[in-house]
Amino acid sequence: MNSLELDALQLPLSNNARALYCVCLAPKSDASTGSVTISYKDMMHLLNNKEEVVQLGRQFNSLLKELSHVGLVSITDEQSFKLSLNQQEITLPLKISKELRPPSNEHHQGFGKMSIEWRPDPDLFNQICQLVGVIDKGYSADEIGEYIAYWLGYPEKQFTQYQWTQKFVLNLKLRRQRQPVSKEQTKVGHQWITPQAALETDDNVKKLVEKYSGKQ
């Protein structure tokens, strides 16, 4: 299991979802494509080894949806977590991350707090977006402003540049899998995106963050 998978598994997940990935999905995935065929019967046998954890297909789908929220699982536009995925092929995007240029070691070194001036490294941001399947690789002043403002409320939290960026990308993915926030957005696959989305000026970002953090 590579470092990207391990980082994702440390994000908020139920233990059952972690067990599903580590025991049932990752070991059976194709090393070159990251694909794995879902078998509810096999997963039930492995997860219910000592006690009954899951019984129904929709329970497995709920665990798979958890994993998709942190970028560990990806399904096609034709598939849905609301329908049966039994005997269907899904993808583990982070399993094939070795095909991409590995993040610079400097992104994994040095823990730091969130600050108003924080911005994701452009190359690292694009790479993580590609890994977890974020379609629209732009972000707005509201999106980064709310992210920074939220973490400014937790000054005791310290992460590496890679971890801050990973959290930001996964936050964007979650936002875009929900309902659109503006009429201009259109749905592509499972995500709502804004055509030709662009980043607002840094001054606007600072004003928004200062408003949320009470420093205005």
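The values are calculated or read from the model by the stated rules, or taken from the named source; none is laboratory data. Source: prediction; values computed, not measured. So basically every Cβ, Gly included, is an ideal-geometry build from the backbone, and we count neighbours across all protein chains shown. Side chains included, ligands, DNA and RNA excluded: accessible areas come from the protein's heavy atoms. Shrake-Rupley method; radii C 1.70, N 1.55, O 1.52, S 1.80 Å.
What to note about this one:
- If only residues of segment 133-174 that are basic (K, R) and closer than 19 Å to I116 by Cβ are counted, the one that is least open to solvent (accessible area, probe 1.4 Å) is K167.
- Just so you know, in segment 96-111 the residues that are assigned to a helix (DSSP H, G or I) and of a type outside the set (A, V, I, L, M) include one that is modelled with the lowest pLDDT, and it is E99.
- Just one residue in the set A31, A26 is surrounded by 12 or more Cβ atoms within 10 Å (Cβ to Cβ) and either more than 22 Å from L83 (Cβ to Cβ) or modelled with pLDDT under 90 (or both); that residue is A26.
- Every residue from segment 112-159 that is part of a loop (DSSP other than H, G, I, E, B) and either closer than 27 Å to I75 by Cβ or in contact with a Phe, Trp or Tyr (Cβ under 6 Å, 6 or more places away or on another chain) (or both): M114, P120, G133, V134, I135, D136, K137, G138, Y139, S140, Q158
- Within segment 75-95, being in a helix (DSSP H, G or I) and open to solvent by less than 20 Å² (accessible area, probe 1.4 Å) holds for P93, L94.
- Filtered by the rule that a residue be modelled with pLDDT under 75 and surrounded by 16 or more Cβ atoms within 10 Å (Cβ to Cβ), segment 45-69 gives a lone residue, V53.
Yes/no matrix, rows are residues, columns are (1) free of Cβ contacts under 8 Å to residues at least 40 places away in the same chain; (2) under 26 Å from F159 (Cβ atoms); (3) of a type in the set (S, T, Y); (4) part of a helix (DSSP H, G or I):
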position	(1), (2), (3), (4)
L4	no, yes, no, yes
D7	no, yes, no, yes
N16	no, yes, no, yes
C22	yes, yes, no, yes
T33	no, no, yes, no
N49	yes, no, no, no
Q55	yes, no, no, no
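- Any chance L72 is assigned to a loop (DSSP other than H, G, I, E, B), more than 15 Å from E89 (Cβ to Cβ) and either of a type in the set (S, T, Y) or open to solvent by less than 10 Å² (accessible area, probe 1.4 Å) (or both): yes
- One residue stands out in segment 175-189 among those that are open to solvent by 60 Å² or more (accessible area, probe 1.4 Å) and closer than 17 Å to H69 by Cβ: the one that is modelled with the lowest pLDDT, namely Q179.
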